[in-house]
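Enquirer: Quick one: structure below, then a few questions.
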Amino acid sequence: MRYVSTRGESPPVPLSAAVERGLAPDGGLYVPEAFPAAPADVLGGGGPLAEVAERLLAPFFAGDALADALGEICREALSFPVPLRELGEDTAVLELFHGPTAAFKDVGARFLAALLSRIPGDGRPLTILVATSGDTGGAVAAAFHGRPGVEVAVLFPAGMVSPRQEKQLTAWGGNVRAFAVRGAFDDCQRLVKAAMADPALRAARRLSSANSINVGRLLPQMAYYAWSAREYLRRHGVAPGFIIPSGNLGNAAAALWARRAGIPVREVVMATNANPGISAFAAGSPWQARPTIATLATAMDVGNPSNLERIVHLFGGEAEAQAALRAERVDDDGIRRVIREGPARWGTVWDPHTATAVAARERLGGAGWIVVSTAHPAKFEGVVEPLVGREVPVPPELQRLLDRPSHAETIAPTLDAFRDALETL
Ligand SMILES: *Cc1c(COP(=O)(O)O)cnc(C)c1O
């Protein structure tokens, strides 16, 4: 299997090279050049998620130096439960938030860490740069913490992430360094791009990025769609539709990839917050990047989702993608209503992101849906607790992190400041 750029101007590369580079040299995103039909035993065999992942992903690792390590990588990365919980007769909830940082990004971040730490280096230390507005940085920090030969630099906008999110960025120490940038998320992203292109930094270390442009984060997400679609089919006798809380569209892209590989996915619906770009596009408007609107589902506050490029590439054009896509937009009032009604109606405290998918499920009607739950409500207690009128218990892994001391280095939003900070220990 080779990986090609969505822009078609860079040569195809093996998986390891696509993962190490992150972005293709032509500025496009790497995608598998084909989606071979999933082997029959992916569905027939069942078994735990790590086993389904190993069988499903084997063709996507074929011919790569990491192919022999695939089983080990799956067992190492996918080691936490991903339950499919029934919610009434015609709907189930896929809970993706039982990993170390209580959000679905743990799946991709842990898989990427397992991949990157097995790619042989050249003697220079490997430095992973990650700009974050909240969840990504914590998942990446957790995934790489304590790995020898790897250093992580997390950049976040000073004073602009929630206290619990900040804790997940700053409580690690050791090989994880947190930089509080005096600026906005966009400044953090700009600094990462500038650092990746900086000759002085590149001479001293191997730089890689762990943002969701990396194909190594998307591949393992196909596995939980394969596992849960099979499980739903076994229990209910019908192929499920998935309703996915979406922002940068990495999770939705993985679902569409799984369906293309022959997994029985009836339909993929993207649930969004008030940011209108995705739903306008799915409804037929020409694609237009927009300024970001701040909402209660902060991890989905994206005006220009990078993975749209992968989805358009998959369908072979914007019009073809539009014909196939469906999206439901849910504003903050809709999110609040679902969270408020959650305990009485569904016996569940929803987080603001999952709440968009629950609201979309109500609108869609019909039967045979899986609502994808992307975060634990305790991560967003500031929004959730006033609405449900009680405290949300904190999962033990999150609590352990909250109890640790924090440390961040505050820097000006300039490449010089970041380079200086990175080079001093
Ligand atoms: C990142 C994130 C999303 C959005 O996922 P994309 O793959 O960027 O569309 C949804 N919910 C939560 C909790 C997230 O952290």
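Enquirer: For LEU387, state whether it is assigned to a helix (DSSP H, G or I), in contact with a helix residue (DSSP H, G or I) (Cβ under 9 Å, 6 or more places away or on another chain) and at pLDDT below 95.
Expert: Here the answer is no, as LEU387 does not meet what is asked.
Enquirer: Do we find a residue being within 16 Å of the ligand (Cβ to nearest atom), closer than 30 Å to GLY368 by Cα, at pLDDT 95 or above and not small (Gly, Ala, Ser) anywhere in the range 57-77?
Expert: No, because not a single residue in the range 57-77 is within 16 Å of the ligand (Cβ to nearest atom), closer than 30 Å to GLY368 by Cα, at pLDDT 95 or above and not small (Gly, Ala, Ser).
Enquirer: Mind checking which pairs have a first residue in the range 366-382 that is modelled with pLDDT of 95 or more and a second that is part of a helix (DSSP H, G or I) and open to solvent by 10 Å² or more (accessible area, probe 1.4 Å), Cβ under 6 Å, 6 or more apart or different chains?
Expert: TRP369/ARG361; VAL371/ARG361
Enquirer: Okay, next question. Can you name the residue in the range 93-127 that is away from the ligand (no atom under 16 Å from the Cβ) and open to solvent by less than 10 Å² (accessible area, probe 1.4 Å) and, of all such residues, is nearest to the chain's Cα centre (by Cα)?
Expert: This residue is ALA113.
Enquirer: For the subset of the range 178-222 comprising residues that are of a type in the set (Gly, Ala, Ser) and open to solvent by 30 Å² or more (accessible area, probe 1.4 Å), which member is farthest from LEU116 (Cα to Cα)?
Expert: My answer is ALA184.
Enquirer: Being free of Cβ contacts under 8 Å to residues at least 40 places away in the same chain and open to solvent by less than 80 Å² (accessible area, probe 1.4 Å) is the filter here; which residues of the range 383-397 pass it?
Expert: Correct list: GLU385, GLY389, VAL394.
Enquirer: Any idea which of (1) among the small types (Gly, Ala, Ser); (2) open to solvent by 10 Å² or more (accessible area, probe 1.4 Å); (3) closer than 12 Å to ALA210 by Cα is the one GLY88 doesn't satisfy?
Expert: The single condition GLY88 does not satisfy is (3).
Enquirer: Right, something else. Here is a list: ARG310, ARG329. Which entry is open to solvent by less than 40 Å² (accessible area, probe 1.4 Å) and at pLDDT 95 or above? Full working, then the answer.
Expert: Details: ARG329 fails: open to solvent by less than 40 Å² (accessible area, probe 1.4 Å).
Testing whether each residue is open to solvent by less than 40 Å² (accessible area, probe 1.4 Å) and at pLDDT 95 or above leaves just ARG310.
Enquirer: Test VAL358 against the criterion of being closer than 23 Å to THR298 by Cβ and assigned to a helix (DSSP H, G or I), and give yes or no.
Expert: So VAL358 passes the test.
Enquirer: Of these, ASP351, ASP301, which one is within 13 Å of the ligand (Cβ to nearest atom) and more than 18 Å from ILE370 (Cβ to Cβ)?
Expert: Within the list ASP351, ASP301, the selection yields ASP301.
Enquirer: Quick one: in the range 1-55, of everything that is farther than 23 Å from VAL107 by Cα and in a helix (DSSP H, G or I), which residue is modelled with the lowest pLDDT?
Expert: GLY44
Enquirer: Considering each of VAL265, VAL238 in turn, give the residue that is touching a residue at least 40 places away in the same chain (Cβ under 8 Å) and over 25 Å from ALA103 (Cα atoms).
Expert: Working: VAL265 fails: over 25 Å from ALA103 (Cα atoms).
Of the residues listed, the single one that is touching a residue at least 40 places away in the same chain (Cβ under 8 Å) and over 25 Å from ALA103 (Cα atoms) is VAL238.
Enquirer: Sort through ARG400, ARG336, ARG345, ARG363 and tell me the only one that's without any contact (Cβ under 8 Å) to a residue 60 or more places away in the chain, in contact with a strand residue (DSSP E or B) (Cβ under 9 Å, 6 or more places away or on another chain), part of a helix (DSSP H, G or I) and open to solvent by 20 Å² or more (accessible area, probe 1.4 Å). Show your work before the answer.
Expert: On the way: ARG400 fails: in contact with a strand residue (DSSP E or B) (Cβ under 9 Å, 6 or more places away or on another chain); ARG336 fails: in contact with a strand residue (DSSP E or B) (Cβ under 9 Å, 6 or more places away or on another chain); ARG345 fails: in contact with a strand residue (DSSP E or B) (Cβ under 9 Å, 6 or more places away or on another chain).
Sole residue among the options that is without any contact (Cβ under 8 Å) to a residue 60 or more places away in the chain, in contact with a strand residue (DSSP E or B) (Cβ under 9 Å, 6 or more places away or on another chain), part of a helix (DSSP H, G or I) and open to solvent by 20 Å² or more (accessible area, probe 1.4 Å): ARG363.
Enquirer: Still on this structure: Of all the residues that make up the range 128-177, how many are within 14 Å of the ligand (Cβ to nearest atom), open to solvent by 40 Å² or more (accessible area, probe 1.4 Å) and either modelled with pLDDT of 95 or more or over 18 Å from ALA294 (Cα atoms) (or both)?
Expert: 1
Enquirer: Keeping to the range 240-295, report how many residues are of a type in the set (Ser, Thr, Tyr) and within 12 Å of the ligand (Cβ to nearest atom). Steps first, please.
Expert: Going residue by residue through the range 240-295, those that are of a type in the set (Ser, Thr, Tyr) are 246, 272, 279, 285, 292, 295.
Keeping just the survivors that are within 12 Å of the ligand (Cβ to nearest atom) gives 246, 272, 295.
So the answer is 3.
Enquirer: Please indicate, with yes or no, whether at least one residue in the range 321-331 is within 14 Å of the ligand (Cβ to nearest atom) and assigned to a helix (DSSP H, G or I).
Expert: no
The values are calculated or read from the model by the stated rules, or taken from the named source; none is laboratory data. What you are looking at is a predicted structure, and each value in this text was computed from that prediction instead of being measured. Note that each Cβ is placed from the backbone with ideal geometry, even for glycine, and that neighbours are counted across all protein chains shown. Side chains are part of the model used for accessible areas, which takes the heavy atoms of the whole protein and leaves out ligands, DNA and RNA. Shrake-Rupley method; radii C 1.70, N 1.55, O 1.52, S 1.80 Å.
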